[in-house]
Every structure is written in C-alpha cells, then in structure tokens.
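The values are calculated or read from the model by the stated rules, or taken from the named source; none is laboratory data. Being a predicted model, the structure only gives us computed values, none of them experimental. Note that we place each Cβ from the backbone using ideal geometry, even for glycine, and neighbour counts take in every protein chain shown. When the accessible area is computed, the model is the full protein with side chains, heavy atoms only, and any ligands, DNA or RNA have been set aside. Shrake-Rupley method; radii C 1.70, N 1.55, O 1.52, S 1.80 Å.
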Amino acid sequence: MKRRVWLTLGAVVLGGGGVTYAVASPSSDSGATGRAKRPVKVYALALKGTAADRQDLARTDTSQFSMLGVSWAGATTRLHGTAQVRTRSTATGEWSAWRDLELNVDPLEKPGRRVRGASEPLWVGSSDGVQVQVVRKNGTTTALPKGLEVNLVDPGVVTDAEAEAPGSEPAAFVAEGSPDATSSSTPADPASPGDGTAVTPTDGQTATSPAPTDTTTSTAAPTDSSSASASASPSASPSPTGPTAPPSTRPRPPIVDRAGWGADESISPQAPEYNADVKAVFVHHTDGANDYSCTDSPSIVRSIYAYHVQVEGWKDIGYNFLVDKCGTIFEGRKGGVDLPVLGAHTYGWNRESAGIAVLGDYTTTSASNAALASIARLAAWKLGQYGADPAGTTQLTAGATQKNYFSTGFTAGSAYTFQRISGHRDGYNTQCPGNTLYPQLPTIRAWAAGPVQGLKITSLGGATASGSTYYTKGAITAHWTATTPGSLIKSFQLLVDGKTVATASGTATSVGATLPLGSHTIAVRAVHQSGKTATSSALTVVAETTAPTFTTTPRISLRSGTVNTSAVPVTLGWKATDDKALQSVKLLSPTTATFSPTTTSSSRTATSGTATTWSMRAYDYAGNYRTSSPAYTPAILQESSATKTGSWTTRSSTSYLGGKSYSSGSKGAGLTWTFTGRSAAWVVSRASTSGQAYVYVDGTKAATVDLKSATTLYRQAIWTKSWSSSAKHTIKVVVVGTSGRPTVTTDGLVYIK
C-alpha cells in the first residue's frame with residue numbers, strides 16, 4: 001500500500017525574480033480521518049524584462065493556485081496598458097486562452113507605503129502553471145510600474161467539509177529545478193519596501209505590513225456554501241465607541257459568517273471601523289470565471305480576502321458582503337454584519353455605503369435570479385436598518401474629486417444624488433458590475449422595495465372556463481406566479497369577493513378554498529416583506545351544482561349507407577342543455593366519443609339483431625353531469641318475410657343480405673312489410689339498369705325512389721323513415737316499370753325497435 005504525502009508549501013520572491021517552494025509536514029495518515037487541512041497561501045513571481053513598455057513571465061510551472069492578479073510597487077501608481085494571463089488546469093493539463101486582467105481598480109485615498117497597486121484578482125480554478133504579459137498602452141510615454149509581479153493564491157482546504165471533498169489534495173510542485181530557484185523556508189513579504197507604519201485612509205482601508213504569505217488558517221465549522229439557508233453566527237459586538245445595530249424593517253437573510261467560509265483572522269488583526277449609517281448599497285462583480293461550482297464559493301471568498309490583504313496590503317477584504325451565483329451570502333469585511341462597517345469597495349463613497357460583490361464576471365453574462373434575489377434581500381435588510389426605501393434615492397457626500405463611468409464629475413465634499421441601490425460604475429470610472437448586471441439593478445430595486453411584481457393567477461383547479469367566466473361545483477385551487485422571488489414575499493392571500501379566505505407562505509404557488517353557491521370574484525394578494533401589497537386581476541367564478549338535462553333523449557335512426565348482417569348505418573341524435581353553460585356531451589357506449597355542446601347528432605353503426613345500450617353523458621363547465629342510457633335493437637326483415645303481389649324472382653348471391661334477394665320488372669308488383677318500430681330503411685341492390693319504385697308508408701305514398709347507379713352496389717339503404725316514438729307501421733314498395741330499365745331488386749327492410 002502506497003503512503004500519500006501531504007505538503008505544506010510557501011514561496012519566496014528573490015531579488016532576481018526567481019521563486020522557491022518550501023516543503024514541510026508530510027502527513028502520516030492516508031485516510032480521510034487523518035487528512036490535513038491546507039492553509040491559504042499566496043505566492044509571488046516577478047515579471048522579467050527591463051523595457052519600459054513590456055514585461056513578461058514565460059510559461060512557468062507553479063504550485064497549485066486558483067486565483068491570480070498582477071501587482072506593482074506604489075499604490076498610487078497606475079498601470080497604463082494591458083495585463084494578460086494564461087493558466088494551466090490541474091484537471092486537464094491544458095493551457096487556457098489569454099485573459100485580460102481588470103486594471104481600473106479603485107485607488108485608496110491615503111494609502112500607506114506598504115500598499116501595492118494591483119489588478120482585480122481573477123479566479124481561474126485549480127491551476128499549476130502560469131504565463132503573463134504586461135504591455136504599455138500604445139501612444140503613452142508612461143513607463144510600466146516598478147516591481148511588477150504576478151501573485152498566485154491557493155485557497156487551501158480549511159474546513160472539514162473541504163478536507164473530505166474529492167480533489168482536495170494539493171498539486172505537486174515542479175519548480176525546484178526552474179531557473180533562479182533558491183531553497184528557502186522563510187516566507188516572503190510581497191509588499192513593497194516600507195516601514196510598516198499604519199495609515200488610515202479616508203475610505204477606511206488601513207494599510208500595514210502584510211502578514212507572511214505562508215499563513216495558517218484557523219479551523220472553521222463546515223458549511224454548505226451552495227445553500228442559501230446557511231447559518232450565520234452572531235454579529236461581532238461593536239467597540240465601546242462603535243455604533244449599535246438598529247433593528248431593520250426587513251427580515252435578515254441567511255449569511256455565511258467569516259468562520260463559515262474559513263477566514264484566517266490572524267492576517268487582518270486590526271479592528272474594524274464604522275460609519276454612522278448606511279445610506280446606499282453599491283453592487284459589484286468580482287471578475288473571473290462564471291462556471292465555478294458553488295461548493296467552491298468559500299474558496300473564492302478566501303482567495304479574494306488573501307489577495308486584498310496579502311497582495312494589496314489592505315487591512316481586510318474590501319467588500320462588506322459577497323454573493324455567489326447560487327444566492328449564498330457571505331460576510332465580507334469583519335465588524336458585524338448588522339453594523340455599518342466601513343468597507344473599501346467604491347472609491348470616494350465608502351463612508352456612507354455598503355458594498356455587495358457578486359462572484360463572477362457579468363460583462364456579457366446576466367446574473368442568476370438566485371443572486372439577484374439575495375442582493376435584493378440583503379440590500380433591503382441593510383437599508384431597512386436605517387429606514388431607507390431600496391427603490392429611492394439619497395444624497396451622498398463625495399470623498400474624492402473624480403468622474404464616474406458615465407463621465408459625471410464629482411467634487412470632494414459636495415453632495416450628489418444616488419439610487420439607494422447603485423452600481424460601482426455610478427460612483428467610479430469602471431465597468432463594474434458589468435454590462436449585463438448593471439441593467440439588472442432596476443429589478444433588484446423593485447424586488448427589494450416591493451410590491452410583488454408580475455403577480456397573476458395562472459390556473460384555477462377545480463373550475464373550468466367558458467369565455468371569461470369559470471364554473472365550479474365549489475372546491476377550487478388557485479395557482480399563481482410572480483416575478484418577485486418567494487424569498488422576498490411574506491405571504492399570499494386568496495380573496496373571494498374581496499375578503500381573505502385562505503393564506504399561504506411567500507414561497508407557495510397555490511392555495512385552495514370552497515366557494516358557496518353563486519357568482520364570485522377571485523383574486524390573489526401578495527404581501528411583500530416590506531408590507532406593500534399587490535393584487536392580481538380578478539376572475540369571475542360561478543359555483544353551481546345543477547346537472548345538465550337531455551331535452552331530447554339519445555336515440556338512433558337508420559340512415560343511408562351499406563347494410564351488413566352484422567351492422568347497419570344509423571344516426572345517433574340527442575339534445576342537452578344546462579342552466580349555466582353546457583361544456584360537452586360524451587358517448588360512453590357502445591363506443592366512446594366526445595362532442596361539443598352545440599353538436600346534436602353523429603353518424604355511427606349499430607349491431608344488427610342485438611339490443612345495444614347507447615349511453616351518453618352531458619357535462620357542464622362546473623363538472624356536474626347527467627347520464628342517459630336508452631337501448632335499441634336494429635332488426636333485418638328479409639325480402640322473403642314480405643307479402644308479395646305481382647311477379648318476383650328469387651336471386652342468389654353472397655353479395656345479398658342472407659345470400660338471396662327478390663327482383664321484379666313487372667309494373668305494379670309489390671312487397672309489403674309490417675313491423676313495430678321507430679325507424680325504417682329499405683335495402684336494395686343498385687346498377688345502371690335498375691329502375692324506379694314507389695314507397696308507401698301506412699297506405700300513403702311517401703316517395704319515388706330511383707335505384708339507378710353508375711356502379712353496381714349491394715345492400716344499400718336507399719330510403720329511410722323515422723318517427724318520434726315506436727309504433728306499428730306498414731311499408732310497401734311498388735315497381736314503377738321504368739321504360740328501358742324496369743327491374744327493382746330488393747334485399748329487405750331494416751327497422752329499429
């Protein structure tokens with residue numbers, strides 16, 4: 001059995017730009033129980049080149065890292081140009097495409113000498129190789145800053161849950177044989193030279209000598225970072241001179257505290273500073289890939305924290321809160337989530353605001369609804385502590401003279417109007433929070449402020465619509481949708497005639513009730529967490545229990561068509577009505593079919609010689625129904641059962657009913673059938689030589705029928721007669737003796753009894 005070795009590694013930047021990796025602490029346990037947690041680490045690799053317009057780092061094998069950025073000496077120095085990086089994935093071994101680093105980072109108003117200038121950090125996922133190129137902007141004579149280096153952040157494994165997760169082992173280091181590498185076990189100070197004197201800038205970023213890069217992280221309780229319901233520990237207590245936490249008019253959302261995401265508090269020992277209140281919230285994005293797993297979110301937050309503190313030299317992470325694409329909220333800068341902690345996120349405006357950063361890059365990709373909902377909940381709660389309407393505006397006093405992304409000028413000390421929920425670009429000249437997230441800010445404001453948006457009833461279970469009116473027997477279930485997420489909704493109320501009859505939670509999408517008989521209006525009211533209400537359009541619903549009626553009982557009558565000994569052609573007729581609204585009529589037997597409320601007949605076939613039940617059911621829109629099931633028997637009277645007059649000849653063929661028929665060309669020859677029934681049909685054979693016949697009903701001439709046909713046809717019901725009720729009737733056919741085609745061939749008579 002092979003023994004796994006777990007390594008704790010550090011890096012040192014040497015004067016010649018090389019990097020050394022220190023190795024320590026092999027683990028003696030290869031099982032999960034003894035798996036060591038890996039602390040967060042920051043490594044620095046100096047860029048090479050003496051030219052004032054370009055510096056590079058060739059493809060270099062490195063220790064494992066997941067975030068990187070470029071930094072340089074002098075916090076007030078700007079890098080006028082581009083910085084691009086490529087990284088090698090530990091999972092695939094493939095090199096990525098070149099990616100730009102965001103260089104337009106908010107400066108500090110009064111940075112300490114140990115603070116470095118830096119790009120925004122870029123999350124690249126687990127990597128073990130890097131290539132960098134920094135190029136001066138065309139047309140500018142400003143040289144590249146001194147002390148350029150690429151800073152790599154390994155988020156480590158700092159919680160029990162992460163230690164147990166697959167793939168948590170550190171990658172092997174392959175830099176020992178690289179040029180300029182020198183053995184050392186002493187961590188480096190990545191900051192620019194200085195005496196480490198603390199300076200408190202006006203926007204609250206206190207710069208000190210950063211902690212060593214080879215840090216250890218205190219053990220934290222495991223957390224499920226992908227769950228929006230992650231628990232939060234109590235807020236930090238304010239200092240004796242600090243503010244107290246005012247209650248909010250909105251509920252506090254779940255927040256993963258610093259221990260939950262594995263913050264190493266030893267690298268930022270300075271006490272937090274506080275504002276007087278929070279007048280506005282600025283929304284940011286952190287840049288980097290959007291395809292991260294939400295289980296990686298704590299690692300991303302740790303990496304940003306380490307980058308802000310150990311690379312840039314800030315006192316703490318700059319953002320007050322961070323939100324991932326799954327909607328999980330993370331505590332950022334320490335000091336108490338319910339206190340007005342002074343952050344470092346929006347240059348010139350930190351003194352009266354809080355900063356919320358969404359993990360990812362939203363330049364071309366929209367933020368998820370889960371992220372938007374969490375921002376809205378968080379902003380509503382935080383602003384609600386100070387009685388501020390998230391959809392309103394406020395006056396902020398500029399802490400610096402500058403222009404924003406839209407070229408709006410600000411003068412330090414002057415007051416300007418801002419939306420309570422604003423984007424980073426509203427206060428500073430940056431694309432942040434991205435060209436797709438920024439247009440989503442109105443949605444965030446609407447969700448945070450209320451009332452509920454897009455509320456509508458989508459369906460009404462237990463009721464059926466006829467036109468604009470719904471019908472029910474009484475019990476209904478209203479289903480609805482709303483564009484405002486349920487996490488921002490306090491409750492839903494079902495209104496019947498304007499009165500609340502049922503209440504459901506803010507995440508519910510349906511609720512039921514039973515209506516009294518009569519006509520009612522139905523609507524749904526949504527109560528936002530702000531207390532504001534929105535009501536859907538009302539529906540008219542009629543509750544009724546009266547079943548439809550058959551004003552004409554279903555009955556069958558013979559129709560023209562081909563007759564067989566097993567089946568005869570019939571027409572099924574009926575008429576149904578309802579006191580409110582008839583929906584449909586269904587044939588239940590001997591076959592099934594569904595008919596519209598205006599249909600009153602259907603062509604069918606009936607079994608000869610067998611009593612068949614024709615069961616039909618009429619439904620109204622409320623679901624009431626009535627069934628009618630009369631039975632009828634089609635009977636075939638062969639020609640041989642008729643009383644003959646005149647001369648008739650018997651013909652035999654399998655094409656005839658029963659195999660035989662009567663034929664006559666004698667004028668006046670007749671056949672008479674007597675029966676008791678409600679419908680009758682004379683069945684004949686037809687050909688081009690067939691003649692005419694008179695039909696008498698109960699002694700009265702009823703029709704002259706011509707049997708001529710261009711094609712020969714057998715067993716044809718050519719003449720039919722129906723009555724409203726069953727009675728005794730006599731049918732007589734008489735040969736006309738048509739010139740040139742006198743012959744009449746009859747197969748018999750069919751009647752319904």
Among the residues of the stretch 122-133, are any under 25 Å from residue 359 (Cα atoms), touching a Gly at 6+ places or on another chain (Cβ under 6 Å) and either surrounded by 15 or more Cβ atoms within 10 Å (Cβ to Cβ) or touching a residue at least 60 places away in the same chain (Cβ under 8 Å) (or both)? yes
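Yes or no, residue by residue, for (1) open to solvent by less than 50 Å² (accessible area, probe 1.4 Å); (2) modelled with pLDDT of 95 or more; (3) closer than 24 Å to residue 465 by Cβ:
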residue	(1), (2), (3)
566	no, no, no
594	no, yes, yes
603	no, yes, no
615	yes, yes, no
Of everything in the stretch 534-550 that's under 24 Å from the mean Cα position of the chain (by Cα) and polar (S, T, N, Q), which residue is most open to solvent (accessible area, probe 1.4 Å)? 537
Keeping to the stretch 106-146, report how many residues are within 14 Å of residue 83 (Cβ to Cβ) and more than 44 Å from the chain's Cα centre (by Cα). 3
Residue 370 fails exactly one of the following numbered conditions: (1) surrounded by fewer than 20 Cβ atoms within 10 Å (Cβ to Cβ); (2) assigned to a loop (DSSP other than H, G, I, E, B); (3) of a type in the set (Gly, Ala, Ser). What is the number of that condition? (2)
Sort out which residues of the stretch 289-308 are surrounded by 24 or more Cβ atoms within 10 Å (Cβ to Cβ) and touching a helix residue (DSSP H, G or I) at 6+ places or on another chain (Cβ under 7 Å), and write them in order of number. 298, 301, 302
Single match in 473, 490 (criterion: touching a residue at least 60 places away in the same chain (Cβ under 8 Å), open to solvent by 60 Å² or more (accessible area, probe 1.4 Å), out of contact with any helix residue (DSSP H, G or I) (no Cβ under 8 Å at 6 or more places or on another chain) and part of a strand (DSSP E or B)): 473
For residue 507: the one exception among (1) among the β-branched types (Val, Ile, Thr); (2) more than 25 Å from residue 379 (Cα to Cα); (3) not in a strand (DSSP E or B): (2)
Does residue 457 satisfy the criteria of being in contact with a Lys or Arg (Cβ under 6 Å, 6 or more places away or on another chain) and either within 29 Å of residue 399 (Cβ to Cβ) or open to solvent by less than 40 Å² (accessible area, probe 1.4 Å) (or both)? no
Is it true that some residue in the stretch 52-69 is farther than 30 Å from residue 412 by Cβ, in a loop (DSSP other than H, G, I, E, B) and modelled with pLDDT under 95? yes
Name the residues in the stretch 689-698 that are outside any strand (DSSP E or B), in contact with a strand residue (DSSP E or B) (Cβ under 7 Å, 6 or more places away or on another chain) and either more than 15 Å from residue 727 (Cα to Cα) or modelled with pLDDT under 95 (or both), would you? 690, 691
Considering residues of the stretch 623-657 that are of a type in the set (Gly, Ala, Ser) and under 25 Å from residue 741 (Cβ atoms) only, the residue nearest to the chain's Cα centre (by Cα): 655
Of the residues in the stretch 50-73 that are surrounded by 16 or more Cβ atoms within 10 Å (Cβ to Cβ) and among the small types (Gly, Ala, Ser), the one that is farthest from the chain's Cα centre (by Cα) is 73
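Per-residue answers, yes or no, for (1) surrounded by fewer than 20 Cβ atoms within 10 Å (Cβ to Cβ); (2) closer than 30 Å to residue 598 by Cβ; (3) touching a residue at least 40 places away in the same chain (Cβ under 8 Å); (4) touching a Phe, Trp or Tyr at 6+ places or on another chain (Cβ under 7 Å):
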| residue | (1), (2), (3), (4) |
| --- | --- |
| 447 | no, no, yes, no |
| 463 | no, yes, yes, yes |
| 467 | yes, yes, no, no |
| 499 | yes, no, no, no |
| 529 | no, no, yes, no |
Taking the stretch 622-664 on its own, how many of its residues are charged (D, E, K, R) and touching a Phe, Trp or Tyr at 6+ places or on another chain (Cβ under 6 Å)? 1
Looking at the stretch 643-653, can you tell me whether even one residue there is of a type outside the set (Phe, Trp, Tyr), closer than 26 Å to residue 604 by Cα, touching a strand residue (DSSP E or B) at 6+ places or on another chain (Cβ under 9 Å) and open to solvent by less than 60 Å² (accessible area, probe 1.4 Å)? no
Would the stretch 338-354 turn up any residue that is closer than 18 Å to residue 298 by Cβ, small (Gly, Ala, Ser) and open to solvent by less than 10 Å² (accessible area, probe 1.4 Å)? no
